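The values are calculated or read from the model by the stated rules, or taken from the named source; none is laboratory data. Only a predicted model underlies this, so the values are computations on that prediction, with no experimental measurement involved. Virtual Cβ from ideal backbone geometry, glycine too; neighbours counted across all protein chains shown.
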Amino acid sequence: MADPVDIVVFDTTLRDGEQTPGVGFSVQDKVALALKLEELNVDVIEAGFPINSEEEKDAVRQISDAVRNSQVCGLARVVDIDIDTAIECGVDMVHVFAPTSEVQMAHAVHSTREKIVEKSRAAIQKIKDAGLICMFSPMDATRTDPEFLIEICKIAEEAGADWLNLPDTVGVGTPQSIQDMINRVTAQVGTAISIHCHNDFGMGVANTLAAVEAGATMVQVSVNGIGERAGNASLEQTVMCLHCLYENYKVKAHTENLYEVSRFVERLTGIPTPPPQPIIGANAFSHESGIHAAGVLEESSTFEPGIMTPEMVGHKRRLVIGKHTGTHSVEIALHEAGLIPGKDELLEIVKRVKSLGGKGKHVTQTDLFTIAESVMAKVPKEQRAIELDQLVVTTGNRTTPTASVVARVNGETRTEAQLGVGPVDAALNAVQRILGDSPKLEVTGFHMDAISGGSDAVATVLITVEDEDGKRSSAQGAGEDITIASVEALVAAINQLLRVREHSKEAAEVAN
Ligand code: KIV
Ligand code: ZN
């Protein structure tokens, strides 16, 4: 078999991704994300659109200075000032674009084919004269008259473009139409082809892979698929498909960093990742059904792809307790906390867990242990590491939300005060701080529902905490006061997690 073809990963999270409605990164966030992308080993980082603002220019300049192992690219229209500004930032590559579909030429830039051709030619030559790598995008390529698309691609090639990027700007391509477009272009133009697919019909990744099959050697993607409207082809899905589903393509990306980078982008954007999201979603490697969990425990490829494991993407496999749970998963969860129920006790616990799940309730670890405690009469009541004594929160339109907490931590009274972006954040920060740095715990999930209407609605808060080893615990709190409900949920989740950690430490000591 011929050697696999290297597929260049061009990340546009910082540029197209930032065009996501409601998203804006600070300069500091941009630099931090660029460094994460470099660690992920993407080939090209599209750092931004420098002409957009002084801050954007500053961010692109700082990224060009900081990043060493990936190429840094800046976006520019086919106008001198944009190109000069990108060059001043010290980028390795300038990505110039011009609309080429009739609708965009007429209504977005009020121009003509002739003017677009001339400006594009001049822009490409200017970038090449500056000694930089040049990428040219005929924007809206999938809705561009096929003859004009070939004409402008030939001109870009003559002018010296290193890459021709064919954007499916409004996501109307299908795998077949994208392949036809690439075949038409590559029959007449020799320049390397890049593909940039939007996700308006949910076809972004499929269309990107179809483009690669037709000969594109660069994929433009964004972390978590963020971008204009419905976003771009997702980096993690595209990379893992190329890595696992094809033998004839190779990507350099360090796949084991994918989960971490995705979480980082989730935090920066504030856009929560839906649990069933492929590769990086909370459920991507989770199993609730008894048959699946039992199969996976014996051989993970029974109910997972096998060619892709959670370890490969830096994620974790989890057995989730709920309506569909089997005895085995419940037994494992209890054993992890040092609880060894008898056979009948276990069956009773499973029955009650299923019944709780069957009422539409999310079954948390706290629920499981509460059930276990009531079924297993001889089980000592949970030893609580943290006992909340007092919580005081101040907030207002002219004050930074502050919370102070008094709690008994392993029998010792401690006090802690913290600030936050709101009262809940401040309170949760204070509770986390009261534990100190060991163990390092992070709140990885926060979900709130109002059960009844009105400003006195009862809210339920579901909180998940995770330790540095990836052990997780979730618990629920409920009440009219959202802050108190949140703190109760956090304290319960921390206590459960500490109990599981304590038990695994003891089990390890016994084993040694
Ligand atoms: O979607 C698009 O057409 C773009 C261009 C700037 C390449 O993002
Ligand atoms: Zn785009």
*Looking at (1) within 25 Å of Met1 (Cβ to Cβ); (2) touching a Cys at 6+ places or on another chain (Cβ under 7 Å); (3) of a type in the set (S, T, N, Q), which is the one condition that is false for Asn248?*
(2)
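Scan segment 256-293 for residues that are of a type in the set (Asp, Glu) and in contact with a Leu (Cβ under 9 Å, 6 or more places away or on another chain) and jot them down. Can you show your working first?
In the first step, residues of segment 256-293 are kept if they are of a type in the set (Asp, Glu); the result is 256, 260, 266, 288.
Answer for segment 256-293, where residues must be of a type in the set (Asp, Glu) and in contact with a Leu (Cβ under 9 Å, 6 or more places away or on another chain): Glu260, Glu288.
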_Filtered residues of segment 121-133 (kept if within 16 Å of ligand 1 (Cβ to nearest atom) and either surrounded by fewer than 24 Cβ atoms within 10 Å (Cβ to Cβ) or of a type in the set (Asp, Glu) (or both))_ = Ile133
*Would you call Ala47 buried (at least 24 other Cβ atoms within 10 Å of the Cβ), out of contact with any Ser or Thr (no Cβ under 8 Å at 6 or more places or on another chain) and within 30 Å of Ser111 (Cβ to Cβ)?*
no
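Could you pull out the residue among Asn232, Asn257 that is within 14 Å of ligand 2 (Cβ to nearest atom), assigned by TED's automatic domain parsing to the domain that holds Asn69 and not charged (D, E, K, R)?
Values: Asn257 fails: within 14 Å of ligand 2 (Cβ to nearest atom).
From the options Asn232, Asn257, the qualifying one is Asn232.
Given segment 89-183, what helices (runs of 4 or more DSSP H) lie entirely inside it while holding 1 or more residues that are among the polar types (S, T, N, Q) and either more than 24 Å from Ala47 (Cα to Cα) or in contact (Cβ under 8 Å) with a residue 12 or more places away in the chain (or both)? Show your work before the answer.
Numbers: elements: 102-107, 113-129, 146-159.
Once the helices (runs of 4 or more DSSP H) in segment 89-183 are filtered for at least 1 residues that are among the polar types (S, T, N, Q) and either more than 24 Å from Ala47 (Cα to Cα) or in contact (Cβ under 8 Å) with a residue 12 or more places away in the chain (or both), what remains is 102-107, 113-129.
Is segment 18-33 home to any residue that is in the same structural domain as Ala156 (by TED's automatic domain parsing), within 16 Å of ligand 2 (Cβ to nearest atom) and either closer than 16 Å to Val219 by Cα or of a type in the set (Asp, Glu) (or both)?
So in segment 18-33, the residues in the same structural domain as Ala156 (by TED's automatic domain parsing) come out as 18-33.
Next cut, within 16 Å of ligand 2 (Cβ to nearest atom) only: 18-21, 23.
When the remaining residues are screened for being either closer than 16 Å to Val219 by Cα or of a type in the set (Asp, Glu) (or both), the result is 18.
For segment 18-33, residues in the same structural domain as Ala156 (by TED's automatic domain parsing), within 16 Å of ligand 2 (Cβ to nearest atom) and either closer than 16 Å to Val219 by Cα or of a type in the set (Asp, Glu) (or both): present.
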_For the condition crowded, with 17+ Cβ neighbours inside 10 Å, without any contact (Cβ under 8 Å) to a residue 40 or more places away in the chain, among the small types (Gly, Ala, Ser) and not in a loop (DSSP other than H, G, I, E, B), what is the one hit in Ala211, Ala206?_
Ala206
*Return the pairs, sorted by first residue and then second, in which the second residue is in a loop (DSSP other than H, G, I, E, B) and within 14 Å of ligand 2 (Cβ to nearest atom), the first residue lies in segment 215-242 and is at negative phi and of a type in the set (Asp, Glu), the beta carbons are less than 7 Å apart, and the residues are 6+ apart or on different chains.*
Glu228/Asp16
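Would you check which residues across segment 235-254 are under 22 Å from Ala192 (Cα atoms) and either within 16 Å of ligand 2 (Cβ to nearest atom) or assigned to a loop (DSSP other than H, G, I, E, B) (or both) and list them?
Initially, segment 235-254 is screened for residues under 22 Å from Ala192 (Cα atoms), giving 235, 238-239, 241-243, 246-253.
Passing the criteria: Leu235, Thr238, Tyr246, Glu247, Asn248, Val251, Lys252, Ala253.
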*Hits in segment 1-26 (condition: at pLDDT 95 or above and either charged (D, E, K, R) or in a helix (DSSP H, G or I) (or both))*: Asp6, Asp11, Arg15, Asp16, Gly17, Glu18, Gln19
_If Cys197 satisfies all but one of (1) assigned to a loop (DSSP other than H, G, I, E, B); (2) touching a Gly at 6+ places or on another chain (Cβ under 9 Å), what's the number of the condition it fails?_
(1)
_Condition first: more than 16 Å from ligand 2 (Cβ to nearest atom), buried (at least 23 other Cβ atoms within 10 Å of the Cβ) and under 34 Å from the mean Cα position of the chain (by Cα). Now tell me which residues in segment 154-171 satisfy that._
Ala161
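Looking only at segment 209-234, which residues are away from ligand 1 (no atom under 16 Å from the Cβ) and within 18 Å of the chain's Cα centre (by Cα)?
Selection gives Asn224 alone.
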*asked:* Take Ala253 and tell me if it is of a type in the set (A, V, I, L, M, F, W, C) and more than 27 Å from His447 (Cα to Cα).
replied: yes
*asked:* Are there strands (runs of 3 or more DSSP E) fully within segment 414-512 with at least 2 residues that are within 27 Å of the chain's Cα centre (by Cα) and among the charged types (D, E, K, R)? List them.
replied: 441-450, 459-467
_Residue check for Gly314: at positive phi and surrounded by fewer than 17 Cβ atoms within 10 Å (Cβ to Cβ)_ = no
*Which condition does Glu345 not pass, out of (1) surrounded by fewer than 17 Cβ atoms within 10 Å (Cβ to Cβ); (2) more than 29 Å from Met240 (Cβ to Cβ); (3) of a type in the set (Asp, Glu), if it passes all the others?*
(1)
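Residue-by-condition table, conditions (1) within 16 Å of Leu75 (Cβ to Cβ); (2) within 16 Å of ligand 1 (Cβ to nearest atom); (3) touching a residue at least 40 places away in the same chain (Cβ under 8 Å):
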position: Asp3; (1), (2), (3): no, no, no
position: Asp6; (1), (2), (3): no, no, yes
position: Phe10; (1), (2), (3): yes, yes, yes
position: Arg15; (1), (2), (3): yes, yes, yes
position: Gln19; (1), (2), (3): yes, yes, yes
position: Ser26; (1), (2), (3): no, no, no
position: Leu35; (1), (2), (3): no, no, no
position: Glu38; (1), (2), (3): no, no, no
position: Ile45; (1), (2), (3): yes, yes, no
_For Ile195, only one of the following conditions fails: (1) closer than 25 Å to Asp43 by Cα; (2) away from ligand 1 (no atom under 14 Å from the Cβ); (3) not polar (S, T, N, Q). What is its number?_
(2)
